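Rule-based calculations on the coordinates, nothing more; no lab input. What you see is a predicted model; the values in this text were computed from it and never measured. Neighbour counts run over all protein chains shown; Cβ positions are idealised from the backbone, glycine included.
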């Protein structure tokens, strides 16, 4: 078995003399590249542009550098897929597609890369024919590809996170020397920094794209004001809000200032000066802003100081620019409706008060009429009572007078007839009875 991890090989003493001689010959052979060439190569890698999603090309350049520096015959870089914890080949040199497919789909924990990932350290296999790391299909794949020796070094970020695996392969049994391993470590560190930086750049790019889409969907523009140079970077959405293309507005504070409505400019600038005098929390203001078509749009700007100089004075301010014209128009329409409704309610209230006053007057009239009617009724009842009493007295007095006259006439008649009043009364009654019978 000929394998080791990150340094000495415990079985090195058991190697045959032939193998030791072969290794010594390799180590004493002329180096593939001079130290100056290596430094130039590493410098060239460091100067590669890390934009445009060219990670694969850069990793391939690192693999090429490793092959050139170490004199290896093949090489590849695998990236760790975090969700599946699987290694996927991202760059390679010298291998055919079937070999790539095999190692991208192998399930068993086999091969130097899988073992190195599991152990968290470099694995060196001096001869795949004598290593338990390679067996079965894995060994056959290496035989078919012509791989006899391999080293696999973890690619680890500065934060200690494993990002992938860096491997170089040889057609003959081989153990890398200290210089080779040192170069591999340098290249692995470069690869880690590049992978980290490009992934961070991609995250930033995705985040900026999401922000741009959100800004476009929300009709939000942004501006970045350098108060030292008085330059303002206006975002494309900011310019689009007022009808301009990217190149039609320069990065000047005057571009903003000259478009603020004259009636709003001084008040807006005063609010800005007041905020900059004590830039706590954030600055918020609404004003009318000139559109390219000549109309004024209502704008709401929210901003904050993001940078100060050594004296604590603000030198940079960042803010948003939101078109709120529709909202302000809706508010104005609503205001007019409220005024109209208020006036209508006020008029209705006046009319209602008039009706209430009329009702009160009617109520007073009815109350007075009721009191008058009550008094009149009482007067009528009293007059009726007095009339009844007066009539009764008159009747009584008349009857009494008639009775007195009758008494006098009866007495006179009795005197003439020689009868007593009682006898005369009896005769008259009998006479009346007989007269009724005759009738």
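At-a-glance table
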item	result
Packing rank of 407-414, 139-146, 314-321, where each peptide gets the mean count of other beta carbons within 10 Å, highest leading	314-321, 139-146, 407-414
Length-normalised contact order for region 218-323 - Cα pairs under 8 Å, 6+ apart - percent	31
Coarse-grained scattering of region 197-252 at q = 0.25, 0.28 Å⁻¹, given as base-10 log I(q)/I(0) from a Debye sum over alpha-carbon atoms	-0.96, -1.01
Using alpha-carbon coordinates, inclination of helix 35-46 to the longest axis of the chain, degrees	20
Reduced Cα scattering model of region 35-124, Debye log10 I(q)/I(0), q = 0.12, 0.13, 0.25 Å⁻¹	-0.45, -0.52, -1.34
Enclosed volume per residue, in Å³, of the convex hull spanned by Cα atoms of region 218-323	94
Cα-based helix-to-principal-axis angle, 55-70 vs the chain, degrees rounded to 10	20
Distant alpha-carbon pairs in region 134-177 (separation over 14 angstrom), percent	58
Cα pair count fraction exceeding 17 Å, expressed as % - region 329-435	79
Principal axis box of region 375-422, alpha-carbon based, largest edge first, Å	62, 13, 6
log10 of Debye I(q)/I(0), alpha-carbon scatterers only, for the chain at 0.06, 0.08, 0.10 Å⁻¹	-0.61, -0.78, -0.91
222 nm mean residue ellipticity, helices alone, for the chain (DSSP H n ≥ 4; -39,500 (n - 2.57); rounded to 500)	-19500 deg cm²/dmol
Diffusion constant of region 120-235 at 4 °C, which comes from Stokes-Einstein with the Kirkwood Cα-pair radius and 1.567 mPa s, µm²/s	71
Three-way shape label, region 246-388, alpha-carbon gyration tensor, a/c 1.5	prolate
Protection proxy ranking of 391-397, 119-125, 84-90 - average other beta-carbon atoms within 10 Å, highest first	119-125, 84-90, 391-397
Label-to-label distance, nm, for residues given as residue 318 and residue 143 (7 Å Cα→Cβ offset)	6.1
